[in-house]
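Worksheet for the structure shown next.
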Amino acid sequence: MKQTAASYNKTFKTWTDTWLLKLNITKCKVVYYAKRSMIENKYYVTDEGESRYFERVENMKDFGVMFDSELDCQAHIRYMKK
């Protein structure tokens, strides 16, 4: 069953509430990984009645590795050359 963005957002919020996780929304990002174009959803959480959207980025660093939205190593190579 394909999950819609709205139902995913609700599931995510329930999970964070269950585990008493407080998210710093300013640090949360969304990256779409795909070789082809795709429909982009807006992901958000509702906090105290206000919807807070995650910022969309083209690449991000995690554990010292630069991940690129096009599944290409070039962003990591450029990052390592600095």
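Using the Kirkwood formula on the Cα atoms of segment 5-81, what hydrodynamic radius do you get, in angstrom to one decimal?
So the Kirkwood estimate lands at 14.2 Å.
Placing unit charges on the Cβ atoms of the charged side chains and taking the dipole of the chain about its Cα centre, the candidate lying farthest along the positive direction among Asn9, Tyr79, Phe67 is Tyr79.
Helix-derived [θ] at 222 nm for the chain: sum -39500 (n - 2.57) over DSSP H runs of at least 4, divide by residue count, nearest 500? Roughly -8000 deg cm²/dmol at 222 nm, from the helical runs in the chain. Helix 5-18 and the longest principal axis of the C-alpha atoms of the chain enclose an angle of approximately 70°.
Using a simple charge model, +1 on the beta-carbon of Lys and Arg, -1 on the beta-carbon of Asp and Glu, nothing else, what dipole does the chain show about its Cα centre, in debye to the nearest 20?
Charge dipole, the chain, about its Cα centre: 200 debye, nearest 20.
Pairs of lysine residues in segment 5-81 that meet both criteria, 8 or more places apart or on different chains and Cα atoms under 27 Å apart, total 23.
Multiplying the residue separation of Arg78 and Thr14 by 0.36 nm and subtracting their alpha-carbon distance yields 19.2 nm. Ranking Gly49, Trp19, Tyr33 by how far each Cα lies toward the positive end of the dipole of segment 6-82 (charges on Cβ) leaves Tyr33 at the top.
FYI, it's all coordinate maths here, none of it is from the lab. Being a predicted model, the structure only gives us computed values, none of them experimental. A quick note on method: Cβ atoms are made from the backbone with ideal geometry, for glycine too, and the neighbour counts reach across all protein chains shown.
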